[in-house]
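Worksheet for the structure shown next.
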Amino acid sequence: MKGDTARTDLVVKAMTIIDGKALSEKVLKEIEKEHSELEKKVGRKAGLAVIIVGENPASQIYVRNKIRACEKVGFHSETIRLDENITEENLLLEIEKLNNNSNIDGILVQLPIPKHIDGLKIINAISAEKDVDGFHTTNIGKMMIGDETGFLPCTPAGVVHMFEEYNINLEGKDVLVIGQSNIVGKPMTLLLIKKRATVQVCNSKTKNLSEKLRKADVVVAAAGSPKLVKASDVKEDVVVIDVGINRVDGKLCGDVDFEEVSKKASFITPVPGGVGPMTIAMLIKNTFKSYKQKIDK
Ligand code: GUN
């Protein structure tokens, strides 16, 4: 019979879409449970304060999602909305108030902030013990030397969490990071090194990006350039992490051409529903860590 003949020409490839939404919900559920027990003993909730300066529409959405996550896990949250013309001095005063507020464990200033304000000065004005974004010079230094009392930047920490949950071993793997921002590319590189990966970091000046991409076992795309990574750029069974959140014709898309690249990948993150929710889960995790550190003191 025709159907009995073994097919040797058919290769069924397994591709896994990394479900950042489900994974983030799992993280949030665990925190919600532990927090509700601790809250009864301590007599106060963990608290996050989010400062937003100006009316950037994308920032409004990100902040709303962060506050929603706080509500989901039962944290106290505050949003401080400031005019885009606020002086640096007045913004520093707002941060100082939150540094001294004992109901607040985590403070973040949503980026970007207006150009007349010195971003680094603002980030470093947040108490390092409340810097749940993990952007303060002290926390970056702690990450560099592996001091685990600090806070890891949320997006790279979320990506590492994905690798761990999906049992993706990075030891000896060639990883290509596209983008060298302080928020993603640079800290991502450090965390990948810690996992014993061999890391190459590219930027907009990099020559022959496609050639480099084709050699990579793992790609972390954080360039902010829609559909930059094409199927012809990657090798079979590549692991692809798409950090990009771009809006094209009103629709969200990543830095990776998901539809085409997913046909070659062994693991891939979607946009939306991949790295984004994990970033927020790690923010909540950092805020809870800060709360517990304060209780222990
Ligand atoms: N803008 C884009 N991503 C982030 C983030 O992770 N934290 C803050 N504070 N601002 C951002």
Query raised in the report: Of the cross-linked pairs LYS173/LYS230; LYS173/LYS207; LYS13/LYS212; LYS13/LYS33; LYS97/LYS186; LYS29/LYS97, which ones have a Cα-Cα span greater than 28 Å in the structure shown?
Result: LYS13/LYS33; LYS97/LYS186; LYS29/LYS97
Query - Dipole of the chain, positive end: most advanced residue of ILE51, VAL219, VAL243 [Cβ charges, Cα centre] - result: VAL219
Report summary line: Given pairs LYS26/LYS264; LYS45/LYS294; LYS41/LYS289 and cut-off 21 Å on Cα-Cα distance, the over-length ones are LYS26/LYS264
Report task. Among the aspartates and glutamates, select those whose C-alpha is under 12 Å from the C-alpha of LYS121, and discard any that sit fewer than 8 residues away in the same chain. Result -> GLU88, GLU89
Requested in this report: Starting from segment 146-195, pick out the GluC sites (Glu not before Pro) whose DSSP state is loop and whose Cβ has at most 13 other Cβ atoms within 10 Å.
Outcome: GLU148, GLU171
Report task. Assuming a ≥ b ≥ c are the square roots of the Cα gyration tensor eigenvalues, decide whether segment 70-145 counts as rounded (a/c under 1.5), prolate (otherwise, with a/b larger than b/c) or oblate. Result -> oblate
Query raised in the report: Nearest 20 debye, what's the magnitude of the dipole of segment 170-297 about its Cα centre given +1 on Lys and Arg Cβ and -1 on Asp and Glu Cβ?
Result: 620
Report task. Just flag the GluC sites (Glu not before Pro) in segment 192-297 sitting in loop per DSSP whose Cβ has no more than 14 other Cβ atoms within 10 Å. Result -> GLU236
Report summary line: For 49-55, 113-119, 286-292, ranked highest to lowest by mean beta-carbon neighbours within 10 Å, the order is 286-292, 49-55, 113-119
Query raised in the report: Is any helix in the chain, taking whole DSSP H runs, at least 15 angstrom long along its axis by alpha carbon and on average at least 0.0 on the Kyte-Doolittle scale, and which ones?
Result: 154-165
Report summary line: For LYS195, counting only aspartates and glutamates whose alpha-carbon sits under 13 Å away and dropping same-chain residues fewer than eight positions off, the answer is GLU164, GLU171, ASP174
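Which of the three applies to segment 33-97, rounded, prolate or oblate, going by the alpha-carbon gyration tensor with a ≥ b ≥ c and a/c under 1.5 meaning rounded?
Oblate is the answer for segment 33-97, as a/c is 1.5 or above yet b/c matches or exceeds a/b.
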Query - Rounded to 5, the percent of DSSP beta bridges in the chain classed as antiparallel - result: 10
Query - Between segment 134-211 and segment 88-111, the Cα center-to-center distance that results, in Å - result: 27
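The numbers here are math on the coordinates, done by the rules we state, and not lab data. Everything numeric in this text was worked out from a predicted model, so none of it was measured. Note that we place each Cβ from the backbone using ideal geometry, even for glycine, and neighbour counts take in every protein chain shown.
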